1. Give me Rg over Rh for the stretch 45-119, both radii from the alpha carbons and Rh done the Kirkwood way, two decimal places.
2. Given contacts defined as C-alpha pairs under 8 Å and at least six residues apart, what's the relative contact order of the stretch 42-146, whole-number percent?
3. Please list, in order along the stretch 79-93, the HN-Hα scalar couplings obtained from phi with the Karplus expression 6.51 cos²θ - 1.76 cosθ + 1.60 (θ = phi - 60°), rounded to whole Hz, x for Gly and Pro.
4. Around R102, with a cut-off of 11 angstrom between Cβ atoms, what is the net charge of the other residues, counting Lys and Arg +1 and Asp and Glu -1?
5. For the pair Q138 and E40, what calculated FRET efficiency results from E = 1/(1 + (r/R0)^6), where r is the Cβ-Cβ distance and R0 = 25 Å, to the nearest 0.05?
6. List the extent of the Cα atoms of the stretch 68-109 along each of their three principal axes, largest first, rounded to whole Å.
7. Taking amide H positions as placed in the peptide plane 1.01 Å from N, state which residues far from Y100 in sequence (5 or more) or on other chains have amide H under 5 Å from it.
8. With a 1.4 Å probe and all protein chains left in place, how much accessible area per residue does the stretch 52-150 have, in Å²?
Amino acid sequence: MTRAALTGVVLAATLAAGLTGCGEDDPFAAYCDEVTAQQEPLSEALAQGGPTALIDALPSFRALQDAAPDDIADDWDLLVGRIETLVGALDAAGVDPASYDRDQPPSDLSAEDRTAIDAAAGELSAPATRAALDNVQQQARDVCKTPLSL
């Protein structure tokens, strides 16, 4: 074997070993670990249903958002952002999410606060939010082999 050929083989082997080493640092591993860790708290928060289910799930959603790989980060940002907007609107109005009834709002609720709450709730049920929710669930099933059960 010539010196050039031997150098080429050694270089190729070195590069392959380096690339294999990079592959071992799975960018999805931390996210999948978080999906597994949040599966039970999410199930508990969402199983109760009701008007505060997504708000109750917000700590788990934030943990998943923080661990999300780049290809799903925008979906988590949208989902968490929309829930936080609703929480902010309810807080600003001084309204308890568990007892708020859109059809019979508190008598002292201003029209401005009601509009803000309605707008935030509308964005939470918008097609883009539903698509983001579908995407994060699909990612968990496909990549992590773990359903989020949302």
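1. 1.04
2. Result for the stretch 42-146 is 28 percent.
3. Karplus-based 3J(HN,Hα) across the stretch 79-93 equals 4, 5, x, 5, 5, 5, 5, 5, 4, x, 5, 5, 4, 4, 7 Hz.
4. Overall, the nearby charge balance is -2.
5. Computed FRET efficiency for E40 and Q138: 0.80.
6. Sorted from largest, the Cα extents of the stretch 68-109 read 45, 17, 12 Å.
7. none
8. About 52 Å² of surface per residue is accessible.
The values are calculated or read from the model by the stated rules, or taken from the named source; none is laboratory data. Remember, it's a predicted structure, so these values are computed and weren't measured experimentally. Cβ coordinates were reconstructed from backbone atoms using ideal geometry, including for glycine residues, and neighbour counts include every protein chain displayed. We work out accessible area using only protein heavy atoms, side chains counted, and drop any ligands, DNA or RNA first. Shrake-Rupley method; radii C 1.70, N 1.55, O 1.52, S 1.80 Å.
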